[in-house]
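Values in this text are rule-based calculations from the coordinates and carry no lab data. Nothing here was measured: the structure is a model prediction, and the numbers come from that model.
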Amino acid sequence: MKASWPQEPCPDVNLSEEEKARITRIFRRRAVCTDVCLVLGVVLAVFALTSPDAPQAGPALFAVLPLLAGTLAGVFMTYGCCPFCGRRPRKWDWAWTPILWRFFRCPDCDFTPYWDKKHGGEAEM
């Protein structure tokens, strides 16, 4: 821990290395799912709005709503707090968002989305 934690003990002290690697993999899965929903929603919306005469435009427009709802749910579930220490994002955490999450590093607990790979954990396929 770099910063002092107001409540003792810090939440990440009790986590084993395997648990931290598992939490990191779960975070990456959620973040990638959020990114996919966002990109598909935007692509389908652009397709439906630019070519309204196409026969696929209607179903594409109806598919946009569930994809954007999935994106919104993914944002709340994935980016609500740091998976290790529970720190809430602040204004200057520009990378704690969809698409840019790969560059995030928590200043309190040093969590990164690739923590398990940097600390010798094996990637699970």
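Couplings for region 33-40, taken from phi via the Karplus curve 6.51 cos²θ - 1.76 cosθ + 1.60 with θ = phi - 60°, read 4, 4, 4, 5, 4, 5, 5, 4 Hz in order; Gly and Pro are left as x.
Coupling constants for region 88-100 follow from the phi torsions by the Karplus curve (6.51 cos²θ - 1.76 cosθ + 1.60, θ = phi - 60°), and in residue order they are 6, x, 10, 4, 7, 7, 4, 8, 8, 9, x, 6, 8 Hz; glycine and proline get x. Computed from the Kirkwood radius of its Cα pairs, the Stokes-Einstein diffusion coefficient for region 64-125 at 10 °C and 1.306 mPa s stands at 123 µm²/s.
Extension gain for Y114 to A69 (0.36 nm times residue separation, less C-alpha to C-alpha distance): 13.5 nm.
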